[in-house]
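Input: a single structure, listed below in C-alpha coordinates.
The values are calculated or read from the model by the stated rules, or taken from the named source; none is laboratory data. Just so we're clear, the structure is a prediction, and the values are computed from it rather than from any experiment. Please note: Cβ atoms are built from the backbone with ideal geometry, for glycine as well, and neighbour counts cover all protein chains shown. Note: accessible area is taken over every heavy atom of the protein model, side chains too, but ligands, DNA and RNA are not part of it. Shrake-Rupley method; radii C 1.70, N 1.55, O 1.52, S 1.80 Å.
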Amino acid sequence: MKNKSLISINDFNREEHIRILDLAEAFERQPTQQILDEYVVASLFFEPSTRTRLSFESAASRLGARLIGFSEPASTSLQKGESLRDTIRTISNYSDIIIMRHPREGSARFASEVADIPIINAGDGANQHPTQTLLDLYSIRKTQGKLDNLDIVFVGDLKYGRTVHSLVMAFCNYNTTFHLVSPEVLKLPSSVKIHIKDKKLTYHQYTDLNAVIPQADVIYMTRIQRERFSDPLDYEKVKNSYVLHNQMLEDAKPNLRILHPLPRVNEIAIDVDTNPMAYYFTQALNGVFIRQALLASILGVVE
Amino acid sequence: MAKKEIRKELKVSAIENGTVIDHVPSKSVYQVIRILNLLDYDNLLLIGINLDSQKMGKKGIIKVRNKFFKPAEINKIALVAPTATLIVIRDFDVAEKKQVSVPDKVEEIVKCFNPNCITNNEEMPTFFRVINKKEEDLKLRCRYCEKITAKDTMEFF
Ligand SMILES: [Zn+2]
(Lines give C-alpha, C1' and ligand atoms only; values in the text may rest on other atoms or scores of the structure.)
Protein backbone atom coordinates (compact mmCIF):
# COMPACT_ATOMS: atom_id res chain seq x y z
CA MET A 1 0.00 0.00 0.00
CA LYS A 2 3.08 2.18 -0.11
CA ASN A 3 2.32 5.61 -1.63
CA LYS A 4 -1.29 4.65 -2.30
CA SER A 5 -3.96 7.23 -1.54
CA LEU A 6 -7.03 6.20 0.44
CA ILE A 7 -9.97 8.19 -0.90
CA SER A 8 -12.84 5.74 -1.06
CA ILE A 9 -13.28 2.49 0.84
CA ASN A 10 -13.22 0.62 -2.49
CA ASP A 11 -9.71 1.89 -3.29
CA PHE A 12 -8.43 -0.90 -1.05
CA ASN A 13 -9.48 -4.46 -1.78
CA ARG A 14 -10.51 -7.06 0.75
CA GLU A 15 -6.92 -8.27 1.31
CA GLU A 16 -5.72 -4.71 1.88
CA HIS A 17 -8.52 -4.06 4.37
CA ILE A 18 -7.49 -7.18 6.30
CA ARG A 19 -3.84 -6.13 6.20
CA ILE A 20 -4.72 -2.73 7.73
CA LEU A 21 -6.82 -4.39 10.45
CA ASP A 22 -3.94 -6.75 11.29
CA LEU A 23 -1.51 -3.83 11.49
CA ALA A 24 -3.93 -1.88 13.68
CA GLU A 25 -3.98 -4.83 16.06
CA ALA A 26 -0.21 -4.60 16.38
CA PHE A 27 -0.45 -0.87 17.13
CA GLU A 28 -3.12 -1.55 19.73
CA ARG A 29 -0.64 -3.83 21.51
CA GLN A 30 2.12 -1.22 21.24
CA PRO A 31 0.72 2.23 20.41
CA THR A 32 3.85 4.32 20.90
CA GLN A 33 6.65 3.69 18.41
CA GLN A 34 9.12 6.18 16.93
CA ILE A 35 8.81 4.94 13.36
CA LEU A 36 7.69 8.15 11.61
CA ASP A 37 10.18 10.58 13.16
CA GLU A 38 11.60 11.42 9.73
CA TYR A 39 8.22 12.27 8.24
CA VAL A 40 6.08 15.38 8.02
CA VAL A 41 2.34 14.79 8.02
CA ALA A 42 0.07 17.58 6.75
CA SER A 43 -3.34 17.71 8.37
CA LEU A 44 -5.64 19.94 6.31
CA PHE A 45 -9.10 20.54 7.71
CA PHE A 46 -10.95 22.75 5.25
CA GLU A 47 -13.94 22.22 7.51
CA PRO A 48 -13.63 21.71 11.26
CA SER A 49 -14.01 18.23 12.75
CA THR A 50 -12.27 18.15 16.09
CA ARG A 51 -12.94 14.48 16.77
CA THR A 52 -11.50 13.17 13.51
CA ARG A 53 -8.60 15.63 13.50
CA LEU A 54 -7.49 14.76 17.03
CA SER A 55 -7.70 11.05 16.28
CA PHE A 56 -5.42 11.47 13.25
CA GLU A 57 -3.05 13.81 15.05
CA SER A 58 -2.85 11.46 18.01
CA ALA A 59 -2.04 8.59 15.64
CA ALA A 60 0.71 10.60 13.92
CA SER A 61 2.15 11.89 17.19
CA ARG A 62 2.33 8.45 18.78
CA LEU A 63 4.47 7.36 15.84
CA GLY A 64 6.80 10.35 16.19
CA ALA A 65 5.76 12.24 13.03
CA ARG A 66 5.94 16.04 12.77
CA LEU A 67 2.58 17.68 12.01
CA ILE A 68 1.78 20.78 9.95
CA GLY A 69 -1.57 22.10 8.77
CA PHE A 70 -4.71 23.92 9.81
CA SER A 71 -7.88 23.03 11.65
CA GLU A 72 -10.38 25.39 10.03
CA PRO A 73 -10.72 27.22 6.73
CA ALA A 74 -10.53 30.72 8.25
CA SER A 75 -6.76 30.36 8.57
CA THR A 76 -6.18 29.25 4.98
CA SER A 77 -5.64 30.84 1.60
CA LEU A 78 -8.98 29.35 0.57
CA GLN A 79 -10.46 32.46 2.12
CA LYS A 80 -8.45 34.45 -0.38
CA GLY A 81 -9.93 32.44 -3.25
CA GLU A 82 -7.00 30.13 -3.92
CA SER A 83 -8.01 27.01 -5.83
CA LEU A 84 -7.84 23.64 -4.12
CA ARG A 85 -5.43 22.58 -6.86
CA ASP A 86 -2.91 25.28 -5.88
CA THR A 87 -3.28 24.71 -2.13
CA ILE A 88 -2.65 20.98 -2.50
CA ARG A 89 0.27 21.44 -4.90
CA THR A 90 1.94 23.87 -2.53
CA ILE A 91 1.48 21.80 0.61
CA SER A 92 2.62 18.63 -1.11
CA ASN A 93 6.03 20.32 -1.37
CA TYR A 94 6.19 20.63 2.41
CA SER A 95 5.06 17.18 3.55
CA ASP A 96 5.17 13.44 2.90
CA ILE A 97 1.47 12.66 3.21
CA ILE A 98 -1.72 14.74 3.39
CA ILE A 99 -4.71 14.05 5.59
CA MET A 100 -7.60 16.16 4.37
CA ARG A 101 -11.17 16.94 5.22
CA HIS A 102 -13.15 19.14 2.88
CA PRO A 103 -16.83 20.08 2.53
CA ARG A 104 -17.02 19.35 -1.21
CA GLU A 105 -17.70 15.83 -2.45
CA GLY A 106 -14.89 14.49 -4.62
CA SER A 107 -12.34 17.00 -3.31
CA ALA A 108 -10.06 14.28 -1.95
CA ARG A 109 -10.05 12.33 -5.24
CA PHE A 110 -9.19 15.53 -7.07
CA ALA A 111 -6.42 16.30 -4.56
CA SER A 112 -4.93 12.83 -5.10
CA GLU A 113 -4.71 13.61 -8.82
CA VAL A 114 -2.86 16.90 -8.40
CA ALA A 115 -0.56 15.95 -5.50
CA ASP A 116 2.53 13.83 -5.97
CA ILE A 117 2.28 12.51 -2.41
CA PRO A 118 -0.44 10.22 -1.04
CA ILE A 119 -3.73 11.58 0.36
CA ILE A 120 -5.85 10.12 3.14
CA ASN A 121 -9.45 11.26 2.90
CA ALA A 122 -10.75 12.29 6.33
CA GLY A 123 -14.20 13.07 4.90
CA ASP A 124 -15.26 14.78 1.66
CA GLY A 125 -18.70 16.30 2.15
CA ALA A 126 -21.40 13.66 2.21
CA ASN A 127 -19.32 11.28 0.12
CA GLN A 128 -16.67 9.13 1.82
CA HIS A 129 -14.96 8.78 5.18
CA PRO A 130 -12.95 5.59 4.67
CA THR A 131 -10.98 5.66 7.93
CA GLN A 132 -14.29 5.60 9.81
CA THR A 133 -15.27 2.55 7.76
CA LEU A 134 -11.98 0.80 8.53
CA LEU A 135 -12.33 1.46 12.25
CA ASP A 136 -15.87 0.08 12.06
CA LEU A 137 -14.56 -3.06 10.33
CA TYR A 138 -11.86 -3.33 12.99
CA SER A 139 -14.39 -2.96 15.81
CA ILE A 140 -16.67 -5.59 14.31
CA ARG A 141 -13.89 -8.10 13.68
CA LYS A 142 -12.59 -7.56 17.19
CA THR A 143 -15.97 -8.14 18.84
CA GLN A 144 -17.30 -10.87 16.55
CA GLY A 145 -14.03 -12.64 15.78
CA LYS A 146 -14.85 -12.55 12.05
CA LEU A 147 -16.25 -10.39 9.27
CA ASP A 148 -18.03 -13.09 7.26
CA ASN A 149 -21.63 -14.26 7.59
CA LEU A 150 -22.85 -11.60 10.01
CA ASP A 151 -26.34 -10.16 10.38
CA ILE A 152 -25.81 -6.43 10.54
CA VAL A 153 -28.61 -4.03 11.41
CA PHE A 154 -28.29 -0.43 10.26
CA VAL A 155 -30.62 2.00 12.02
CA GLY A 156 -31.61 5.63 11.47
CA ASP A 157 -30.75 7.93 8.60
CA LEU A 158 -29.72 5.48 5.91
CA LYS A 159 -30.33 7.94 3.10
CA TYR A 160 -27.81 10.65 3.91
CA GLY A 161 -25.49 8.84 6.34
CA ARG A 162 -22.19 8.42 4.50
CA THR A 163 -20.74 6.17 7.24
CA VAL A 164 -23.59 3.76 6.58
CA HIS A 165 -23.07 3.87 2.81
CA SER A 166 -19.36 3.12 3.06
CA LEU A 167 -19.81 0.38 5.64
CA VAL A 168 -22.52 -1.30 3.59
CA MET A 169 -20.19 -1.20 0.57
CA ALA A 170 -17.32 -2.68 2.59
CA PHE A 171 -19.49 -5.48 3.98
CA CYS A 172 -20.57 -6.44 0.47
CA ASN A 173 -17.23 -8.31 0.41
CA TYR A 174 -18.20 -10.53 3.35
CA ASN A 175 -21.39 -12.50 2.65
CA THR A 176 -23.36 -10.23 4.96
CA THR A 177 -27.10 -10.18 5.56
CA PHE A 178 -28.18 -6.54 5.75
CA HIS A 179 -31.12 -5.37 7.89
CA LEU A 180 -32.03 -1.79 7.08
CA VAL A 181 -34.20 0.02 9.62
CA SER A 182 -35.28 3.56 8.78
CA PRO A 183 -38.25 5.86 8.27
CA GLU A 184 -39.77 5.59 4.78
CA VAL A 185 -38.17 8.88 3.69
CA LEU A 186 -34.67 7.94 4.87
CA LYS A 187 -34.24 4.54 3.19
CA LEU A 188 -30.88 3.44 1.81
CA PRO A 189 -30.49 4.96 -1.70
CA SER A 190 -30.56 2.69 -4.72
CA SER A 191 -27.04 3.82 -5.67
CA VAL A 192 -25.83 1.91 -2.57
CA LYS A 193 -28.26 -0.99 -2.89
CA ILE A 194 -26.76 -1.62 -6.35
CA HIS A 195 -23.60 -2.84 -4.59
CA ILE A 196 -25.57 -5.34 -2.46
CA LYS A 197 -27.42 -6.62 -5.52
CA ASP A 198 -24.19 -6.89 -7.53
CA LYS A 199 -22.83 -9.33 -4.95
CA LYS A 200 -26.16 -11.19 -4.82
CA LEU A 201 -26.46 -10.60 -1.08
CA THR A 202 -29.69 -10.28 0.88
CA TYR A 203 -31.14 -7.17 2.44
CA HIS A 204 -34.35 -6.60 4.36
CA GLN A 205 -35.96 -3.22 4.97
CA TYR A 206 -37.97 -2.37 8.09
CA THR A 207 -39.56 0.66 9.67
CA ASP A 208 -39.67 -0.99 13.12
CA LEU A 209 -36.48 -1.62 15.08
CA ASN A 210 -37.79 -4.04 17.74
CA ALA A 211 -38.59 -6.97 15.49
CA VAL A 212 -35.08 -7.32 14.09
CA ILE A 213 -33.02 -7.13 17.31
CA PRO A 214 -33.05 -10.90 18.15
CA GLN A 215 -31.31 -11.75 14.83
CA ALA A 216 -28.62 -9.09 15.08
CA ASP A 217 -24.87 -9.66 15.49
CA VAL A 218 -24.20 -5.94 15.16
CA ILE A 219 -26.51 -2.95 15.48
CA TYR A 220 -25.09 0.16 13.83
CA MET A 221 -27.02 3.17 15.14
CA THR A 222 -27.04 6.58 13.46
CA ARG A 223 -28.64 9.88 14.22
CA ILE A 224 -31.78 11.14 12.51
CA GLN A 225 -31.55 14.87 11.94
CA ARG A 226 -34.57 17.11 12.09
CA GLU A 227 -33.33 19.04 9.03
CA ARG A 228 -33.82 15.96 6.84
CA PHE A 229 -37.60 16.29 7.07
CA SER A 230 -39.43 18.88 5.00
CA ASP A 231 -42.38 18.66 7.39
CA PRO A 232 -41.36 18.99 11.08
CA LEU A 233 -44.43 16.95 12.04
CA ASP A 234 -43.01 13.96 10.16
CA TYR A 235 -39.91 14.20 12.29
CA GLU A 236 -41.92 14.35 15.50
CA LYS A 237 -43.76 11.20 14.42
CA VAL A 238 -40.66 9.09 13.89
CA LYS A 239 -38.01 10.51 16.20
CA ASN A 240 -38.75 8.18 19.11
CA SER A 241 -39.15 5.04 17.00
CA TYR A 242 -35.42 4.83 16.41
CA VAL A 243 -34.15 5.19 19.95
CA LEU A 244 -32.48 2.17 21.50
CA HIS A 245 -33.31 1.45 25.15
CA ASN A 246 -31.74 -1.15 27.37
CA GLN A 247 -34.92 -3.18 27.85
CA MET A 248 -35.15 -3.65 24.05
CA LEU A 249 -31.99 -5.77 24.26
CA GLU A 250 -33.46 -8.52 26.47
CA ASP A 251 -33.87 -11.02 23.63
CA ALA A 252 -30.63 -10.10 21.88
CA LYS A 253 -27.98 -12.68 21.00
CA PRO A 254 -25.14 -12.68 23.56
CA ASN A 255 -22.58 -11.70 20.92
CA LEU A 256 -24.52 -8.59 19.87
CA ARG A 257 -22.54 -5.35 19.94
CA ILE A 258 -23.90 -1.84 19.46
CA LEU A 259 -21.90 0.60 17.39
CA HIS A 260 -22.36 4.29 16.66
CA PRO A 261 -20.04 6.65 14.75
CA LEU A 262 -20.58 9.35 17.44
CA PRO A 263 -21.45 11.99 18.44
CA ARG A 264 -24.63 10.54 19.85
CA VAL A 265 -27.59 12.77 20.56
CA ASN A 266 -30.45 10.73 21.99
CA GLU A 267 -30.74 7.74 19.67
CA ILE A 268 -29.10 5.48 22.25
CA ALA A 269 -30.52 5.89 25.75
CA ILE A 270 -27.96 6.42 28.52
CA ASP A 271 -29.11 3.20 30.21
CA VAL A 272 -27.53 1.22 27.35
CA ASP A 273 -24.04 2.59 28.19
CA THR A 274 -23.49 0.14 31.05
CA ASN A 275 -24.71 -2.86 29.06
CA PRO A 276 -21.69 -4.95 27.99
CA MET A 277 -23.16 -4.90 24.48
CA ALA A 278 -22.45 -1.16 24.21
CA TYR A 279 -19.26 -0.74 22.22
CA TYR A 280 -19.39 2.81 20.81
CA PHE A 281 -16.79 4.38 23.07
CA THR A 282 -14.18 1.67 22.48
CA GLN A 283 -15.04 1.91 18.77
CA ALA A 284 -13.83 5.53 18.74
CA LEU A 285 -10.55 4.59 20.40
CA ASN A 286 -9.96 1.96 17.71
CA GLY A 287 -9.80 4.82 15.22
CA VAL A 288 -6.36 5.81 16.48
CA PHE A 289 -4.91 2.34 15.80
CA ILE A 290 -6.44 2.21 12.33
CA ARG A 291 -4.99 5.63 11.50
CA GLN A 292 -1.57 4.56 12.79
CA ALA A 293 -1.77 1.49 10.56
CA LEU A 294 -2.67 3.62 7.54
CA LEU A 295 0.05 6.21 8.07
CA ALA A 296 2.72 3.56 8.61
CA SER A 297 1.77 1.40 5.65
CA ILE A 298 1.17 4.22 3.17
CA LEU A 299 4.48 5.86 4.13
CA GLY A 300 6.08 2.46 3.64
CA VAL A 301 7.70 2.02 7.06
CA VAL A 302 5.86 -1.27 7.60
CA GLU A 303 5.17 -3.90 4.97
CA MET B 1 -35.06 2.11 -47.37
CA ALA B 2 -32.45 3.90 -45.34
CA LYS B 3 -30.03 3.74 -48.22
CA LYS B 4 -32.47 5.37 -50.59
CA GLU B 5 -33.00 8.13 -48.08
CA ILE B 6 -29.27 8.82 -47.92
CA ARG B 7 -28.90 8.86 -51.68
CA LYS B 8 -31.58 11.52 -51.79
CA GLU B 9 -29.69 13.63 -49.27
CA LEU B 10 -26.42 13.15 -51.05
CA LYS B 11 -27.95 14.36 -54.28
CA VAL B 12 -28.85 17.61 -52.62
CA SER B 13 -25.48 18.33 -51.10
CA ALA B 14 -23.04 15.53 -51.54
CA ILE B 15 -19.56 15.63 -50.08
CA GLU B 16 -16.67 13.90 -51.80
CA ASN B 17 -14.88 12.80 -48.65
CA GLY B 18 -15.88 13.11 -45.02
CA THR B 19 -18.54 12.05 -42.57
CA VAL B 20 -22.31 12.20 -42.54
CA ILE B 21 -24.02 11.96 -39.19
CA ASP B 22 -27.54 10.92 -40.01
CA HIS B 23 -30.69 10.26 -37.95
CA VAL B 24 -29.85 12.84 -35.32
CA PRO B 25 -32.96 13.97 -33.43
CA SER B 26 -33.52 17.53 -34.71
CA LYS B 27 -33.51 18.96 -31.22
CA SER B 28 -30.07 17.43 -30.56
CA VAL B 29 -28.29 18.77 -33.63
CA TYR B 30 -26.90 21.80 -31.86
CA GLN B 31 -25.60 19.67 -28.93
CA VAL B 32 -23.94 17.25 -31.33
CA ILE B 33 -22.17 20.14 -33.02
CA ARG B 34 -20.96 21.43 -29.67
CA ILE B 35 -19.85 18.02 -28.40
CA LEU B 36 -17.82 17.44 -31.56
CA ASN B 37 -16.42 20.99 -31.47
CA LEU B 38 -17.63 21.58 -35.00
CA LEU B 39 -18.20 25.30 -34.49
CA ASP B 40 -14.44 25.67 -34.67
CA TYR B 41 -14.14 23.44 -37.73
CA ASP B 42 -12.64 25.31 -40.67
CA ASN B 43 -13.91 23.18 -43.56
CA LEU B 44 -17.35 22.71 -45.10
CA LEU B 45 -20.08 21.90 -42.58
CA LEU B 46 -23.66 21.26 -43.75
CA ILE B 47 -26.46 21.10 -41.27
CA GLY B 48 -30.02 19.98 -41.93
CA ILE B 49 -32.81 20.18 -39.38
CA ASN B 50 -36.39 18.81 -39.59
CA LEU B 51 -35.80 16.75 -42.72
CA ASP B 52 -38.45 14.15 -43.45
CA SER B 53 -37.49 10.71 -42.29
CA GLN B 54 -39.48 7.51 -42.71
CA LYS B 55 -37.80 6.11 -39.62
CA MET B 56 -38.08 9.09 -37.28
CA GLY B 57 -40.69 11.43 -38.75
CA LYS B 58 -38.33 14.41 -38.61
CA LYS B 59 -34.57 14.17 -38.32
CA GLY B 60 -31.40 16.16 -38.35
CA ILE B 61 -28.32 15.52 -40.46
CA ILE B 62 -24.77 16.87 -40.24
CA LYS B 63 -22.19 16.57 -43.02
CA VAL B 64 -18.57 17.35 -42.37
CA ARG B 65 -16.19 17.54 -45.30
CA ASN B 66 -12.77 15.89 -44.97
CA LYS B 67 -13.37 14.92 -41.36
CA PHE B 68 -13.09 11.35 -40.07
CA PHE B 69 -13.91 10.76 -36.41
CA LYS B 70 -12.26 8.34 -34.04
CA PRO B 71 -14.78 5.98 -32.39
CA ALA B 72 -14.10 7.47 -28.92
CA GLU B 73 -14.82 10.92 -30.27
CA ILE B 74 -17.99 10.08 -32.15
CA ASN B 75 -19.46 7.84 -29.44
CA LYS B 76 -19.75 10.83 -27.14
CA ILE B 77 -22.75 11.96 -29.15
CA ALA B 78 -24.63 8.75 -28.29
CA LEU B 79 -25.61 10.46 -25.02
CA VAL B 80 -27.69 13.07 -26.87
CA ALA B 81 -28.33 11.29 -30.16
CA PRO B 82 -28.57 7.53 -29.54
CA THR B 83 -30.27 7.01 -32.91
CA ALA B 84 -27.44 8.59 -34.88
CA THR B 85 -25.86 6.73 -37.78
CA LEU B 86 -22.33 7.46 -38.84
CA ILE B 87 -21.61 7.28 -42.55
CA VAL B 88 -18.06 7.56 -43.81
CA ILE B 89 -17.89 8.90 -47.37
CA ARG B 90 -14.96 8.34 -49.73
CA ASP B 91 -15.16 9.39 -53.40
CA PHE B 92 -18.88 10.14 -53.04
CA ASP B 93 -19.51 6.57 -51.91
CA VAL B 94 -20.51 5.06 -48.60
CA ALA B 95 -17.31 3.46 -47.34
CA GLU B 96 -18.60 2.57 -43.91
CA LYS B 97 -21.82 2.88 -41.98
CA LYS B 98 -22.48 2.23 -38.34
CA GLN B 99 -24.61 3.10 -35.32
CA VAL B 100 -23.10 5.18 -32.55
CA SER B 101 -22.86 3.39 -29.20
CA VAL B 102 -22.72 4.72 -25.66
CA PRO B 103 -19.08 4.72 -24.47
CA ASP B 104 -17.78 3.21 -21.19
CA LYS B 105 -16.56 6.55 -19.93
CA VAL B 106 -17.58 10.14 -20.51
CA GLU B 107 -15.15 13.01 -20.14
CA GLU B 108 -15.73 16.75 -20.05
CA ILE B 109 -19.04 17.03 -21.91
CA VAL B 110 -21.47 16.24 -19.06
CA LYS B 111 -21.95 18.28 -15.90
CA CYS B 112 -22.24 16.44 -12.58
CA PHE B 113 -25.76 16.98 -11.24
CA ASN B 114 -24.49 17.30 -7.65
CA PRO B 115 -24.05 21.01 -6.86
CA ASN B 116 -21.66 20.16 -4.00
CA CYS B 117 -19.38 18.11 -6.27
CA ILE B 118 -15.85 19.47 -6.54
CA THR B 119 -16.20 19.49 -10.35
CA ASN B 120 -18.84 22.22 -10.00
CA ASN B 121 -16.65 24.30 -7.70
CA GLU B 122 -13.15 24.08 -9.15
CA GLU B 123 -11.83 24.63 -12.65
CA MET B 124 -11.45 21.03 -13.78
CA PRO B 125 -12.91 18.55 -16.28
CA THR B 126 -15.61 16.06 -15.28
CA PHE B 127 -15.20 12.30 -15.62
CA PHE B 128 -17.87 9.61 -15.45
CA ARG B 129 -18.13 5.83 -15.77
CA VAL B 130 -21.22 4.72 -17.62
CA ILE B 131 -22.94 2.22 -15.35
CA ASN B 132 -26.11 1.79 -17.40
CA LYS B 133 -26.02 2.19 -21.16
CA LYS B 134 -29.71 1.61 -21.86
CA GLU B 135 -31.04 4.67 -23.59
CA GLU B 136 -34.06 5.21 -21.35
CA ASP B 137 -32.13 4.44 -18.15
CA LEU B 138 -28.73 5.96 -18.88
CA LYS B 139 -26.64 6.34 -15.71
CA LEU B 140 -23.21 7.91 -15.20
CA ARG B 141 -21.20 7.63 -11.98
CA CYS B 142 -19.02 10.64 -11.20
CA ARG B 143 -15.40 9.72 -10.55
CA TYR B 144 -15.18 12.46 -7.91
CA CYS B 145 -18.35 12.64 -5.80
CA GLU B 146 -19.35 9.06 -6.77
CA LYS B 147 -22.97 10.15 -7.25
CA ILE B 148 -25.05 9.00 -10.19
CA THR B 149 -26.16 11.45 -12.84
CA ALA B 150 -29.16 9.92 -14.61
CA LYS B 151 -30.73 10.82 -17.93
CA ASP B 152 -33.31 13.12 -16.38
CA THR B 153 -30.69 15.16 -14.50
CA MET B 154 -28.12 15.23 -17.29
CA GLU B 155 -26.84 18.63 -18.41
CA PHE B 156 -24.18 19.33 -21.01
CA PHE B 157 -21.51 21.99 -20.91
ZN1 LIG C 1 -19.68 14.65 -9.06
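Against the test of being open to solvent by 20 Å² or more (accessible area, probe 1.4 Å) and more than 22 Å from A:V114 (Cα to Cα), the options B:P103, B:P115 yield a single qualifying residue, B:P103.
How many of the residues making up region A:1-27 are of a type outside the set (A, V, I, L, M, F, W, C) and not in a helix (DSSP H, G or I)?
Step one: list which residues in region A:1-27 are of a type outside the set (A, V, I, L, M, F, W, C), which gives A:2-5, A:8, A:10-11, A:13-17, A:19, A:22, A:25.
Next, from what is left, pick out any that are not in a helix (DSSP H, G or I): A:2-5, A:8, A:13.
Looking only at that region, the number is 6.
A:F110 meets the conditions (1) modelled with pLDDT under 95; (2) within 14 Å of another protein chain (Cβ to nearest Cβ) in every case but one. The failed one is (1).
Got a number for residues in region B:124-140 being in a strand (DSSP E or B), within 13 Å of chain A (Cβ to nearest Cβ) and either under 18 Å from the mean Cα position of the chain (by Cα) or near the ligand (Cβ under 9 Å from one of its atoms) (or both)? Show your work before the answer.
Here is the first cut: in region B:124-140, the residues in a strand (DSSP E or B) are B:127-132, B:139-140.
Now narrow it down to the ones that are within 13 Å of chain A (Cβ to nearest Cβ): B:127-129, B:131-132, B:139-140.
Checking the rest, the ones that are also either under 18 Å from the mean Cα position of the chain (by Cα) or near the ligand (Cβ under 9 Å from one of its atoms) (or both) come to B:127-129, B:132, B:139-140.
Qualifying residue count for the region: 6.
Could you tell me which of the residues A:I98, A:I88 is away from chain B (no Cβ under 14 Å) and touching a strand residue (DSSP E or B) at 6+ places or on another chain (Cβ under 8 Å)? Lay out the reasoning, then the answer.
Details: A:I88 fails: away from chain B (no Cβ under 14 Å).
That would be A:I98, the only listed residue that is away from chain B (no Cβ under 14 Å) and touching a strand residue (DSSP E or B) at 6+ places or on another chain (Cβ under 8 Å).
Residues to consider are B:I109, B:I62; find the one that is within 16 Å of the ligand (Cβ to nearest atom) and either closer than 30 Å to B:N50 by Cβ or at pLDDT 95 or above (or both). Give the steps one after another, and end with the answer.
Numbers: B:I62 fails: within 16 Å of the ligand (Cβ to nearest atom).
Criteria check complete, one pass: B:I109.
Among residues belonging to region B:141-157 that are open to solvent by less than 80 Å² (accessible area, probe 1.4 Å) and more than 12 Å from the ligand (Cβ to nearest atom), point out the one that is nearest to the other protein chains (Cβ to nearest Cβ). Give the derivation first.
Restricting attention to region B:141-157, the residues satisfying the condition of being open to solvent by less than 80 Å² (accessible area, probe 1.4 Å) are B:141-142, B:144-150, B:153-154, B:156.
The next check asks that each one be more than 12 Å from the ligand (Cβ to nearest atom); those that pass are B:150, B:154, B:156.
Details: B:A150: 10, B:M154: 15, B:F156: 19 Å.
Result: B:A150.
Inclusion of A:T176 among residues that are polar (S, T, N, Q) and open to solvent by less than 10 Å² (accessible area, probe 1.4 Å) is warranted.
For residues in region A:124-143 being of a type outside the set (K, R) and more than 20 Å from B:E146 (Cβ to Cβ), which is farthest from the other protein chains (Cβ to nearest Cβ)? Lay out the reasoning, then the answer.
At the first step, the residues of region A:124-143 found to be of a type outside the set (K, R) are A:124-140, A:143.
If we keep only those that are more than 20 Å from B:E146 (Cβ to Cβ) too, we end up with A:135, A:138-140, A:143.
Working: A:L135: 20, A:Y138: 23, A:S139: 24, A:I140: 23, A:T143: 29 Å.
Ranking the candidates gives A:T143 first.
Which residues, counting only those in region A:254-263, are open to solvent by 10 Å² or more (accessible area, probe 1.4 Å) and in contact with a helix residue (DSSP H, G or I) (Cβ under 7 Å, 6 or more places away or on another chain)? Selection gives A:N255, A:R257, A:P261, A:L262.
Of the candidates B:L39, B:L51, the single residue that is without any contact (Cβ under 8 Å) to a residue 12 or more places away in the chain and touching a helix residue (DSSP H, G or I) at 6+ places or on another chain (Cβ under 8 Å) is B:L39.
Quick check on region B:33-52. Is at least one of its residues of a type in the set (G, A, S) and either modelled with pLDDT of 95 or more or within 13 Å of the chain's Cα centre (by Cα) (or both)? Give the steps one after another, and end with the answer.
Our first condition is that a residue be of a type in the set (G, A, S); within region B:33-52, this holds for B:48.
Now narrow it down to the ones that are either modelled with pLDDT of 95 or more or within 13 Å of the chain's Cα centre (by Cα) (or both): none.
No, because not a single residue in region B:33-52 is of a type in the set (G, A, S) and either modelled with pLDDT of 95 or more or within 13 Å of the chain's Cα centre (by Cα) (or both).
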